[in-house]
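*Asks:* Before I ask anything, let me first share the structure, which is written out below as structure tokens.
The values are calculated or read from the model by the stated rules, or taken from the named source; none is laboratory data. Please read all numbers here as calculations on a predicted model, not as lab measurements. Note that each Cβ is placed from the backbone with ideal geometry, even for glycine, and that neighbours are counted across all protein chains shown. Only protein heavy atoms, including side chains, enter the accessible area calculation; ligands, DNA and RNA are left aside. Shrake-Rupley method; radii C 1.70, N 1.55, O 1.52, S 1.80 Å.
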Amino acid sequence: WLSPSVIEDFASYADACFKLFGDRVKTWTTFNEPLTFVGGGYGTGVMAPGRCSDRTRCADGDSETEPLLAAHNVLLAHAHAAQKFRARVSDGTIDMVNCG
């Protein structure tokens, strides 16, 4: 989630799903609890991809900047996917599931 290329990659994947299932599935979720995988994956390193500043736990990563960058890209990926959804499916809803 650190590369900006993931934004359009995710939106293209989502659009393929909308094309295949949009006539039958009307309620969509792009991400389930993104703070969990962003914080755990890029902040504390306890989840994939296991990146953090604590070198006793993670070989690579920066816990101060990477969670922010990953979260930024996740939000943009959601926005791009939602835009594609609204262009393709007129009678459905799309959202993200947030925790806490």
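*Asks:* State, to one decimal in nm, how far the label point of Arg24 lies from the label point of Asp54, with both points 7 Å from Cα in the Cβ direction.
*Replies:* Taking the two extended label points, one gets 4.4 nm.
*Asks:* Okay, moving on. For the chain, modelled as a Gaussian network with Cα springs under 10 Å, which listed residue fluctuates most, Ser53, Ser90, Ser12?
*Replies:* In this elastic network of the chain, the residue with the biggest mean-square fluctuation among Ser53, Ser90, Ser12 is Ser90.
*Asks:* Okay, next question. Modelled label-to-label distance, Leu76 and Tyr13, 7 Å Cα→beta-carbon offset: nm?
*Replies:* So the label points at Leu76 and Tyr13 sit 1.7 nm apart.
*Asks:* Right, another one. Mind checking the per residue accessible area of the chain for me, 1.4 Å probe, whole number of Å²? It would help to have the intermediate numbers written out before the result.
*Replies:* Working: 6000 Å² over 100 residues.
Per-residue value: 60 Å².
*Asks:* Would you mind checking the tilt of helix 66-88 against the longest principal axis of the Cα atoms of the chain, expressed as 0 to 90 degrees and rounded to 10?
*Replies:* 10 degrees
*Asks:* Now a separate question. Keeping all protein chains in position, work out how much accessible area Trp1 exposes to a 1.4 Å probe, and write it in Å² to the nearest 10.
*Replies:* Its accessible surface works out to 70 Å², give or take rounding.
*Asks:* Oh, and also: In degrees between 0 and 90, to the nearest 10, how far off the longest principal axis of the chain does helix 5-21 point, with axes built from Cα atoms?
*Replies:* 30 degrees
*Asks:* Here's something else I'd like to know. For a quick check: with amide H placed at 1.01 Å from N, whose amide H comes under 5 Å from Trp28's, ignoring anything fewer than 5 positions away on the same chain?
*Replies:* Thr93, Ile94, Asp95
*Asks:* Using only the alpha-carbon atoms of the chain as identical scatterers, what base-10 log of I(q)/I(0) does the Debye formula give at q = 0.14 Å⁻¹?
*Replies:* Debye curve over Cα of the chain, log10 I(q)/I(0) at q = 0.14 Å⁻¹: -0.56.
*Asks:* Which sequence of Val46, Val97, Val6 reflects their accessible areas, 1.4 Å probe, from the largest down? Walk me through the intermediate numbers first.
*Replies:* Numbers: Val46 100, Val97 60, Val6 30 Å².
The most accessible residue leads, giving Val46, Val97, Val6.
*Asks:* Sum up the charges of everything whose Cβ sits under 14 Å from the Cβ of Arg88, counting Lys and Arg as +1 and Asp and Glu as -1, but leave Arg88 out. Present the calculation step by step, with values, prior to reporting the outcome.
*Replies:* Numbers: positive: Lys19, Arg24, Lys26, Lys84, Arg86; negative: Asp15, Asp23, Asp91.
Once positives and negatives cancel, what remains is +2.
*Asks:* Test of understanding: extend the Cα→C-beta vector of Asp91 to 7 Å, then name every residue of segment 7-31 with backbone N under 14 Å from that spot.
*Replies:* Residues passing the 14 Å test: 22-27.
*Asks:* Compute the distance from the alpha-carbon center of segment 68-100 to that of segment 7-57, in whole Å.
*Replies:* 11 Å
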